[in-house]
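Step one of this worksheet: look at the structure below.
The values are calculated or read from the model by the stated rules, or taken from the named source; none is laboratory data. This is a predicted model, so every value here is computed, not measured. Ideal geometry is used to build each Cβ from the backbone, glycine not excepted, and the neighbour counts take in all protein chains shown. Surface areas here come from the heavy atoms of the whole protein model, side chains and all, with no ligands, DNA or RNA. Shrake-Rupley method; radii C 1.70, N 1.55, O 1.52, S 1.80 Å.
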Amino acid sequence: VQLVESGGGLVQPGGSLRLSCAASGSIFSINVMGWYRRAPGKERELVAALPSGGSVSLADSVKGRFTIARDNAKNTVYLQMNSLKPDDTAVYYCHALIYGVNYWGKGLLVTVSS
């Protein structure tokens, strides 16, 4: 299983970005898809997760600004990030839980700066 991410980059404060992550390989179903991030000097933290048939989990720091969505037919998860702040600067990692195994993308750098 591979996770391929796209959509990172540089954005000004208040701007928006949309991250995408597509899973490929021998996949029958994906239990959970989501996004984590690691800011400079900080631990990796959960940003958003969406289980199959379950409720969205969002970090308190992004509630009201970020939304997560899945396209199960495409094994793809999206993270729409609005009203971005400099504190959102981090490497964002796609995560998938498949048959009890955790898979990770390589990471996308998101820089929020004027």
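A few remarks follow.
- Output for segment 6-24, where each listed residue is at pLDDT 95 or above, polar (S, T, N, Q) and open to solvent by 30 Å² or more (accessible area, probe 1.4 Å): Ser6, Gln12, Ser16
- Matching residues in segment 71-101 - criterion: being modelled with pLDDT of 95 or more, among the hydroxyl-bearing types (Ser, Thr, Tyr), open to solvent by 40 Å² or more (accessible area, probe 1.4 Å) and out of contact with any Ser or Thr (no Cβ under 8 Å at 6 or more places or on another chain): Tyr93
- Any pair with Cβ under 6 angstrom, 6 or more apart, that starts in segment 102-114 at a residue that is more than 16 Å from Leu46 (Cα to Cα) and ends at one that is surrounded by 15 or more Cβ atoms within 10 Å (Cβ to Cβ) and not aromatic (Phe, Trp, Tyr): Thr111/Thr89; Val112/Val11; Val112/Leu84; Val112/Asp88; Val112/Thr89
- With respect to the conditions (1) in contact (Cβ under 8 Å) with a residue 60 or more places away in the chain; (2) open to solvent by less than 20 Å² (accessible area, probe 1.4 Å); (3) β-branched (Val, Ile, Thr), Ile27 lacks only one, and its number is (2).
- Odd one out for Arg44, checked against (1) more than 16 Å from Gly107 (Cβ to Cβ); (2) at pLDDT 90 or above; (3) not small (Gly, Ala, Ser): (1)
- Residue pairs meeting the criteria (Cβ under 9 Å; at least 6 apart or on separate chains; first touching a residue at least 24 places away in the same chain (Cβ under 8 Å) and at positive phi, in segment 5-20; second of a type in the set (Lys, Arg) and in a strand (DSSP E or B)): Gly7/Arg18
Here's the yes/no breakdown for (1) in a strand (DSSP E or B); (2) without any contact (Cβ under 8 Å) to a residue 60 or more places away in the chain; (3) under 17 Å from Leu19 (Cα atoms):
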position: Trp35; (1), (2), (3): yes, no, yes
position: Gly41; (1), (2), (3): no, yes, no
position: Val47; (1), (2), (3): yes, yes, yes
position: Gly53; (1), (2), (3): no, yes, no
position: Ser61; (1), (2), (3): no, yes, no
position: Ile68; (1), (2), (3): yes, yes, yes
position: Val77; (1), (2), (3): yes, yes, yes
position: Gln80; (1), (2), (3): yes, no, yes
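- Just one of (1) part of a loop (DSSP other than H, G, I, E, B); (2) open to solvent by less than 40 Å² (accessible area, probe 1.4 Å) fails for Ser114. It is (2).
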